[in-house]
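Visitor: Got a structure for you, questions after.
Bear in mind that the values in this text are calculations on the coordinates, not laboratory data. Computed from a prediction, not measured in an experiment: that's the story for all the values here. All Cβ positions, glycine included, derive from the backbone under ideal geometry; neighbour counts span all protein chains shown.
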Amino acid sequence: MIKGYITLKQASEISGKEVEALKKQCQDGRIRGAIKQGKAWFVPHSEIIVGSGAENGTLGFLLSMIEAAGPNSSASVTLVSNGAFIQGELIGRKEYIGRFRNDLLNNMPFAEKDNAFKEFADKYFNDLEGRDEVGTPSFIHLKNVSTSQIADGETVKESYLRIKYEAVDGFLLGSIGRGG
């Protein structure tokens, strides 16, 4: 063991993040000072945020507040993921699922003709909407999304994004304005 370093399993226990997610961050160079010895990764203890899982972190608290507030609740956020800035309105899981269901069943030409597909989709979405997510959420849901990849930071109205919670490296409450 290297002084000041911990294993990915230890980092997972401290941070609440999955070992595989931490390994990917090491491979991508997103954990400063991470080193690989043989097949094992070691990370500086100082680089792991205690309780960064959603149940303890600020982003997790914000997600909980949006879910508790119910439909049509949102908060403007800027997420950082793999060096990209993703701006949008944080929304609840059920609102996202409802919108996805509506778009799939009402805007896809094949969906209106295929009754077996509609029955399958209805069952799938009813099951999905009925589940309560406890603990660390699997995904973050946004609407009216813009990214550093969209020209001039345009907001794509009526756009929705579902991103893995563990793919988020950081966030800002609000959006980043463009200087003039």
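Visitor: May I ask for the net charge around PRO44, where only other residues with Cβ less than 15 Å from the Cβ of PRO44 are counted and Lys, Arg are +1 while Asp, Glu are -1?
Guide: +3
Visitor: So for each of 37-45, 92-100 I average, over its residues, the number of other beta carbons within 10 Å; can you give me the resulting order with the highest mean first? Numbers along the way, then the final one.
Guide: Details: 37-45: 13.9, 92-100: 17.6.
Put in order of decreasing packing, that is 92-100, 37-45.
Visitor: How large is the convex hull of the C-alpha atoms of the range 1-108 per residue, in Å³? It would help to have the intermediate numbers written out before the result.
Guide: Values: hull volume 14.8 nm³, N = 108.
Taking only Cα atoms, the range 1-108 has a hull volume of 137 Å³ per residue.
Visitor: Sticking with this structure for a sec: If packing is taken as the average number of other Cβ atoms within 10 Å across a peptide's residues, how do 10-20, 160-170, 114-124 rank, most packed first? Before the final figure, lay out each step's value.
Guide: Working: 10-20: 17.6, 160-170: 16.0, 114-124: 11.7.
Ranking, from highest mean packing down: 10-20, 160-170, 114-124.
Visitor: From the cross-link list LYS24/LYS94; LYS94/LYS123; LYS17/LYS123, which pairs have alpha carbons spaced over 22 Å apart?
Guide: Correct reply: LYS24/LYS94; LYS17/LYS123.
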